[in-house]
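J.: I have a structure I would like to understand better, so I am pasting it below and will then ask my questions one at a time.
The values are calculated or read from the model by the stated rules, or taken from the named source; none is laboratory data. What you see is a predicted model, and the numbers here were worked out from it, not measured in a lab. Methodologically, a virtual Cβ is constructed for each residue, glycine included, from the backbone with ideal geometry; neighbour enumeration extends over all protein chains shown.
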Amino acid sequence: MFVERETECWKCGAVIKVYTWEGHELWAKECPEEGRPASVQWRFSQDLGEEYWVNTCSECGIIQGDWFLYLEDLVFADIGTKEEAQGVVPAPGGSVD
């Protein structure tokens, strides 16, 4: 099951829908097939240096990365990611002290 939120695209400013799902982990390598929105795509992230399931802007196509949605903009903070934003999740390639 996917949970939908709205946010502004960091690049073009369009108001877009973004999604998360039960069991989502940051920089997810797995995503449910059933009901997956078209804007959730398997894409390469230059910042991360690898592919993962990401939200994309329906207007300009740019990646709306997990760092932005979960740790910076806190779009999904009300469903358990706030703790992650407070330091229990490392930055890409980093570690938690």
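J.: Which of the residues belonging to segment 29-41 are under 20 Å from Thr7 (Cα atoms) and of a type outside the set (S, T, N, Q)?
T.: So the first thing to find is which residues in segment 29-41 are under 20 Å from Thr7 (Cα atoms), and the list is 36-41.
Listed by number, the residues that qualify are Arg36, Pro37, Ala38, Val40.
J.: Please determine whether any residue of segment 31-41 is at pLDDT 90 or above and not in a loop (DSSP other than H, G, I, E, B).
T.: Among the residues of segment 31-41, at least one is at pLDDT 90 or above and not in a loop (DSSP other than H, G, I, E, B), which makes the answer yes.
J.: Still on this structure, please answer the following. Please tell me if Glu51 is farther than 14 Å from Leu69 by Cβ, assigned to a strand (DSSP E or B) and within 13 Å of the chain's Cα centre (by Cα).
T.: Values: farther than 14 Å from Leu69 by Cβ: yes; assigned to a strand (DSSP E or B): yes; within 13 Å of the chain's Cα centre (by Cα): yes.
Spelling it out, Glu51 is indeed farther than 14 Å from Leu69 by Cβ, assigned to a strand (DSSP E or B) and within 13 Å of the chain's Cα centre (by Cα).
J.: A further question on this structure: Quick one: Leu69 ticks every box in (1) surrounded by 13 or more Cβ atoms within 10 Å (Cβ to Cβ); (2) part of a loop (DSSP other than H, G, I, E, B); (3) modelled with pLDDT under 95 except a single one, so which number is it?
T.: Answer for Leu69: the failing condition is (2).
J.: Go through segment 28-65 and report how many residues are closer than 12 Å to Lys17 by Cα and in contact with a Phe, Trp or Tyr (Cβ under 9 Å, 6 or more places away or on another chain). So that I can check it myself, show each step before the final result.
T.: Here is the first cut: in segment 28-65, the residues closer than 12 Å to Lys17 by Cα are 37-40, 55-59, 64.
If we keep only those that are in contact with a Phe, Trp or Tyr (Cβ under 9 Å, 6 or more places away or on another chain) as well, we get 37, 39-40, 55, 57, 64.
Adding up the residues that qualify gives 6.
J.: Among the residues of segment 1-43, which ones are under 13 Å from Gln64 (Cα atoms), loosely packed, with under 12 Cβ neighbours inside 10 Å and under 13 Å from the mean Cα position of the chain (by Cα)?
T.: Step one: filter segment 1-43 for residues under 13 Å from Gln64 (Cα atoms), giving 5-20, 26-27, 39-43.
Adding the requirement that they be loosely packed, with under 12 Cβ neighbours inside 10 Å leaves 6, 13, 15, 42.
Result: Glu6, Trp42.
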